[in-house]
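Worksheet for the structure shown next.
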Ligand SMILES: [Cu+2]
């Protein structure tokens, strides 16, 4: 087995790795996650996008209007500046892209495994952080808020939809998020083909 | 059959038989189809197909209806103050109503004109006239708000206005009441001696911004100029004005001005007029006027301008011709091809149609002239005549076209609309109207491309149509479907003010362009603020400026102290950036300033003289949120 991890990638897979690196650059330019809010008084809906380095509204005014809505229940204001994770997220992404570049010049199976491991760890940490972030916003409410519904929390779902008072909140990956998932699957697929080659003795 | 239906039937029979008796061809009257209700029903959540903009006549406003449902969407104040939202009262808009006669917070508004590009509606602006204190307004179709008002000097009664040329190069405005120009106190009987004059004004429209300016005035004989329409296609260079009281009577006009068998349509070559202006043939003339303009989210810019360029017909040959037209004509309407000029003689028994081609052929041939008035040649009636619709109805007024070769003429006296065919001049249908119809409007209006589906008749009198509400009944309009071979009455609906004229514009041309908010970052108001942090109170001697913000559901600052006699300016900025979330502002007992409605991202100013010491509440008047009722606070006035 040891020899499998030390094997060189074949040229096609080597190109695939750099391809993954290049596609990951796209995450800088697209939103990773999207949370939408639907309510009768917002027939056109309100939306919020999480980018690698900032949180913005789906239209230039949505975030402001979401915060306006949230102030009734005493939720603290959602602003990019108050989310420190956003400061180092771009570097994390840069690290992954850098990894792809290194792997291109040093194409070993174990490098790809390391990449998958990095994705898995960072993904898990990222999801936990996102959940914690939602939890804090949803639970730490101003007790002096105009509207206090006893026992009510406003934590949006991690994935999927949830009803909160008269609002339906949905949370799904956006283009950047899909690129990240696609990148992991591509790497796994790559490992699978390498393993097939190995077992076939090629 | 109850009493009411009986009366109605009898009335219908009378109107019907009159029409039948009058029209030898005996075209059938319109029948009420049973499925008419379906055609005007717009289900909850669905949208109307057409916007109808109706002038408000003597209320000086314009109202916006959806067609076919006839639901009222909005009242746009133009020449009248509007306490509902503070138009004409606040520091930002009150100068819109400034004139050389002072502050004139009302007018008599008749004709709505839509801006056009290559003869087709382009959905940029609407224009409206003020007849009483001659003015002309531009209404922006993104904000659905009045953005500019231009006073017209050397005019008394801006009635034949504002009619646009094919690319909205110019708006034409001619005077209804001729007066001495420049004004002077002469004996009124001098009217008959020619001491009174009229003017035709060419108002230039800046193509990008829509800004209005007076480019030229032309001095014309002292008749009463009634309506106008400009040519299209081959007649692009020309505008046509009707005139009455060519008798120049000054007493009992009812009789005195109805003597002549023919009055005139004035054919005016505006391209030629511009040429003469460029050749320096116009001279400087007196005339003071205001130009008031509301830049996006800034207070109105009001400027007084002195003097105009005046052109005399004698100095610009080939510019004007008179076409004799029976009898006291009201409408002068050009068909979509630009060939036919239809006159609507209030007292005439025919609808005369002039041919543009014939006009071009004969205008400079002496044998086709009968006289000259102030160097304006009078052509022979027969020389330019394309045809006459014989005995169409009583009191034909105004004509619109469906783009399918048919014309529709309103008939005031016989309360009906007649449909007739261009070219054959045959009446094909009589449509009763309830009652005394003035103007008509077809979707696409007087453009080159009418969208011939709906027609509305704009009526003066309502009588038995609605539940009685005291002595005065609402004015009304009638909606017809004209898409089929036979036009059919669909509904009637009451209107706000007198629906004098209208432009109807397909919804798809406007609905997606309508503005939803004023972007806060573009707010250029000198006293506007961008966030709550900037909210503050600044005292300058006896003047106090409150830089106030509003957002659901509070004001900032929320408690204020001033001294008795202070002049307090509340400069209020609505910080919302959400569609349809204006906030209101009203101070208890404020005598000079009504409510303000401040749009998202907008700044407006409420001026208040601090009265006797005490505590005065202020509050938001527009129900904005669950905590709207909490959106209130106090001003303390100290001795
Ligand atoms: Cu409010």
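Quote the FRET efficiency, to the nearest 0.05, computed for residue A:7 versus residue A:152 with a Förster distance R0 of 56 Å and r equal to the Cβ-Cβ distance.
Once rounded, the FRET efficiency stands at 0.50.
Quick check: residue separation of residue B:101 and residue B:382 times 0.36 nm, minus the Cα distance between them. What number comes out in nm?
96.7 nm
Using a 10 Å cut-off around each Cβ, can you sort B:322, B:381 from fewest to most neighbouring Cβ atoms? If you can, show how the numbers build up before the last one.
On the way: B:322 26, B:381 16.
Ordered by Cβ neighbours within 10 Å, fewest first: B:381, B:322.
For the pair residue B:143 and residue A:80, how long in nm is the line joining their label points, each one 7 Å along Cα→Cβ?
Calculated label separation equals 3.0 nm.
For B:397, A:159, what ranking results if the residue with the fewest other Cβ atoms within 10 Å of its Cβ goes first?
Sorted ascending by nearby Cβ count, the order is A:159, B:397.
Give me the angle, in degrees from 0 to 90, between the Cα long axis of helix A:11-25 and the longest principal axis of the Cα atoms of chain A, rounded to the nearest 10.
It is inclined by approximately 20 degrees.
Evaluate the relative contact order of the stretch A:104-202 (contact order divided by residue number), counting alpha-carbon pairs under 8 angstrom at least 6 apart; express in whole percent.
26
Fewest to most neighbouring Cβ within 10 Å: what's the order for B:388, B:521, B:534? Let's see the in-between values first.
Values: B:388 16, B:521 9, B:534 12.
Result, fewest neighbours first: B:521, B:534, B:388.
So if each residue of separation counts as 0.36 nm, and I subtract the Cα-Cα distance between residue A:188 and residue A:29, what length gain in nm does that give? Provide the component values of the computation, followed by the final result.
Values: separation 159, 0.36 × 159 = 57.24 nm, distance 2.45 nm.
Length gained, residue A:188 through residue A:29: 54.8 nm.
Considering Cα pairs under 8 angstrom that are at least six residues apart, work out the relative contact order of chain A and quote it in whole percent.
Answer for chain A is 33 percent.
Multiply the residue separation of residue B:370 and residue B:588 by 0.36 nm, subtract the distance between their alpha-carbon atoms, and state the gained length in nm to one decimal.
So the chain would gain 71.6 nm between residue B:370 and residue B:588.
For the stretch B:48-509, place one equal point scatterer on every Cα, skip the solvent, and apply the Debye formula. What is log10 of I(q)/I(0) at q = 0.06, 0.11, 0.12, 0.13 Å⁻¹?
Debye intensities relative to I(0), on a log10 scale: -0.23, -0.82, -1.00, -1.19.
To the nearest 0.05, how large is the calculated FRET efficiency for residue A:178 and residue A:114 if R₀ is 22 Å and r is the Cβ-Cβ distance?
Working: r = 23 Å, r/R0 = 1.05.
E between residue A:178 and residue A:114, to the nearest 0.05, is 0.45.
Mind jotting down the three principal axis lengths of the stretch B:404-483 based on Cα atoms? Whole angstrom, largest first.
So the three principal-axis extents are 46, 23, 17 Å.
Label points 7 Å out from Cα along the Cβ direction at residue B:301 and residue B:279: separation in nm?
3.5
Taking only Cα atoms, what is the 0 to 90° angle, nearest 10, from helix B:3-22's long axis to the longest principal axis of chain B?
Long axis of B:3-22 versus the principal axis of chain B: about 40 degrees.
If you wrap a convex hull around the Cα atoms of the protein assembly as shown, how much volume per residue is inside, in Å³?
Cα-based convex hull of the protein assembly as shown, divided per residue, equals 262 Å³.
Name all residues of the stretch A:60-81 having a backbone nitrogen under 17 Å from the label point set 7 Å from the Cα of residue A:44 along its Cα→Cβ direction, giving them as ranges.
A:60-69
Take every Cα pair under 8 Å in chain B that's 6+ residues apart, average their separations, divide by the length, and report that relative contact order as a whole percent.
Computed over chain B, the figure is 12 percent.
Could you estimate the translational diffusion coefficient of the stretch B:472-569 from the Stokes-Einstein equation, with Rh from the Kirkwood formula over C-alpha pairs, at 4 °C and 1.567 mPa s, in whole µm²/s?
Stokes-Einstein gives a translational diffusion coefficient of 67 µm²/s.
Once the convex hull of the C-alpha atoms of chain A is built, how many Å³ does it hold per residue, rounded to a whole number?
It is 132 Å³ per residue.
Rounded to the nearest 0.05, what FRET efficiency do residue A:198 and residue A:95 give with R0 = 22 Å and r taken as the Cβ-Cβ distance? Could you check?
Efficiency, rounded to the nearest 0.05: 0.20.
What is the distance, in nm, between label points placed 7 Å from the Cα along the Cα-to-Cβ direction at residue A:132 and at residue A:22?
Distance between label points: 3.7 nm.
Mind pulling the angle between the C-alpha long axis of helix A:175-199 and the longest principal axis of chain A? Nearest 10 degrees, somewhere in 0 to 90.
With both axes taken from Cα atoms, the answer is about 20 degrees.
Rule-based calculations on the coordinates, nothing more; no lab input. In this text, all values refer to a predicted model and were calculated from it rather than measured experimentally. Quick reminder, even Gly has a Cβ in these numbers, built from the backbone with ideal geometry, and neighbours come from all protein chains shown.
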